[in-house]
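A.B. asks: Attaching a single structure in structure tokens format; questions to follow.
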Amino acid sequence: MDDAPAPPKPRPHLSHERIIEAAFRLVDTDGLEAFSFRTLATRLNCQAMSLYHYFPSKAHLYEAMVGECIAELPLPATGTWRERLEHETLAYRGIALRHPGFFPYFTVFRQNNVAGLDYLDRILSVFAMTGLPPERRAFHFRIFGYFLGGAGMEEALGYAKGPSSVNPVPDDVARRDYPAIMAVGPWFGRDHHAAIFRHGLGVLLDAVEADIARHQGV
């Protein structure tokens, strides 16, 4: 009987794509706070120093991950401004749902590289299709950003997972003393997120429509 030890398992070939994919899985599961090249290397069955051949720092890796998120936001080549904005807004929400751990970084990342500026210019070109003056386009663009950032953070992280009081009010006391909160509470659940998001998106799109009508003197 051969008692020789089994040969070591071959290490999977590293690549930019494989490292980014593994980083997303790790961050989306454990959060940015728990992420390090050491933990990522463990997942990839390699030495941490091997990762630095591909990404000199976490900032470089995170920027590449931002680029991957942007690549998931292709803007339709046809359609009205409203159809395109609706599509892009729903796609942005999809980033929060697919990458909940990374979304907080993505949504505040300054899009000042080529990929980011290309993306912003595409979106602002859609706002330009409305015919509104630059000031009003900027106004609506920023409001969409507020909506997407807030809604995305809520759906990615969840209000229920946020910091909590050390002495929360008991449920029976809440039901007795805070009837207005308890009356709407059932509709705050995840099952209603999509409907609420679409309602909010409709409000924003209608506001742009109304602004266009005012500027056209309709």
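The values are calculated or read from the model by the stated rules, or taken from the named source; none is laboratory data. What you are looking at is a predicted structure, and each value in this text was computed from that prediction instead of being measured. Don't worry about glycine lacking a Cβ; one is built from the backbone with ideal geometry, like all the others, and counts go over all protein chains shown. Only protein heavy atoms, including side chains, enter the accessible area calculation; ligands, DNA and RNA are left aside. Shrake-Rupley method; radii C 1.70, N 1.55, O 1.52, S 1.80 Å.
A.B. asks: Taking amide H positions as placed 1.01 Å from N in the peptide plane, with prolines and chain starts having none, which residues 5 or more places from Q47, or on another chain, fall under 5 Å of its amide H?
C.D. replies: Hits under the 5 Å cutoff: none.
A.B. asks: How many Å² of accessible area per residue for region 18-112, probe 1.4 Å?
C.D. replies: 50 Å²
A.B. asks: To continue, here is another question. Apply the Karplus curve 6.51 cos²θ - 1.76 cosθ + 1.60, θ = phi - 60°, to the phi angles in region 140-148 and return the couplings in whole Hz, x for Gly and Pro.
C.D. replies: Coupling constants for region 140-148: 5, 4, 5, 5, 4, x, 4, 4, 5 Hz.
A.B. asks: Let me ask something else about it. Find the percent of Cα-Cα distances in region 12-55 that exceed 12 Å, and round it to a whole number.
C.D. replies: Here the tail beyond 12 Å accounts for 55 percent of pairs.
A.B. asks: Sticking with this structure for a sec: Quick check on the chain: helices-only [θ] at 222 nm, where DSSP H runs of length 4 and up contribute -39,500 (n - 2.57) each and the sum goes over total residues. Nearest 500, please.
C.D. replies: Per the formula, -20500 deg cm²/dmol.
A.B. asks: Which of the trypsin sites (Lys or Arg not before Pro) across region 64-112 are loop residues per DSSP, with 10 or fewer other Cβ within 10 Å?
C.D. replies: Filter output for region 64-112: R110.
A.B. asks: Measuring with a 1.4 Å probe in the full set of protein chains, what accessible area per residue, in whole Å², belongs to region 122-201?
C.D. replies: 71 Å²
A.B. asks: While we're on this one: Could you pull out the trypsin sites (Lys or Arg not before Pro) across region 116-218 that fall in loop regions by DSSP (anything but H, G, I, E, B) with no more than 13 other Cβ atoms inside 10 Å?
C.D. replies: Hits after loop and neighbour filter: nothing returned.
A.B. asks: Relative contact order of region 23-109, please, whole-number percent, based on alpha carbon pairs below 8 angstrom and at least 6 residues apart.
C.D. replies: 36 percent
A.B. asks: Hey, what do the phi angles of region 193-202 turn into as Karplus ³J(HN,Hα) couplings, whole Hz, using 6.51/-1.76/1.60 and θ = phi - 60°, x for Gly and Pro?
C.D. replies: Rounded to whole hertz, the list is 4, 4, 5, 5, 4, 5, 5, x, 4, x.
A.B. asks: Still on this structure: So what is the relative contact order for the chain, in percent, with contacts set as C-alpha pairs under 8 Å and at least six apart?
C.D. replies: 19 percent
A.B. asks: Which Cα, out of P76, F188, S125, lies furthest along the positive dipole direction of the chain (beta carbon charges, K/R +1, D/E -1)?
C.D. replies: S125
A.B. asks: Taking the Cα centre of region 13-59 as origin and charging only Cβ (+1 Lys, Arg; -1 Asp, Glu), how large is the dipole, in debye to the nearest 20?
C.D. replies: About 160 debye.
A.B. asks: Going by accessible area, probe 1.4 Å, with all protein chains left in place, what is the ranking of T89, T29, largest first?
C.D. replies: T29, T89
A.B. asks: Which FRET efficiency value, to the nearest 0.05, is calculated for Y146 and H13 with the Förster distance at 35 angstrom and r the Cβ-Cβ distance?
C.D. replies: After rounding to 0.05, the efficiency reads 0.20.
A.B. asks: Would you work out which of A115, G158, F24 lies farthest towards the positive end of the dipole of the chain, given +1 charges on the beta-carbon of Lys and Arg and -1 on that of Asp and Glu, about the Cα centre?
C.D. replies: My answer, from the dipole projection, is A115.
A.B. asks: Run the numbers for A210 and H193: contour at 0.36 nm per residue of separation, minus the present Cα-Cα distance, in nm.
C.D. replies: 3.5 nm
A.B. asks: Which ³J(HN,Hα) values, rounded to whole Hz and listed in residue order, are derived for region 23-34 from phi using the Karplus coefficients 6.51, -1.76 and 1.60 in 6.51 cos²θ - 1.76 cosθ + 1.60 with θ = phi - 60°, glycine and proline given as x?
C.D. replies: Ordered by residue, 3J(HN,Hα) equals 5, 4, 4, 5, 5, 6, 8, 10, x, 5, 4, 8 Hz.
A.B. asks: Could you put M65, M49, M129 in order of accessible surface area, largest first, with the 1.4 Å probe and the full protein assembly present?
C.D. replies: M49, M129, M65
A.B. asks: Just the projected area, averaged over all directions, of the convex hull on the alpha carbon atoms of region 45-171: how many nm²?
C.D. replies: 12.3 nm²
A.B. asks: Something else now. Which of E86, E68, E33 ends up with the largest GNM mean-square fluctuation for the chain, with Cα atoms connected below 10 Å?
C.D. replies: Largest GNM mean-square fluctuation: E33.
A.B. asks: At a 1.4 Å probe, what is the % contribution of carbon and sulfur to the accessible area of the chain?
C.D. replies: Heavy-atom surface of the chain belonging to carbon and sulfur, 1.4 Å probe: 59 percent.
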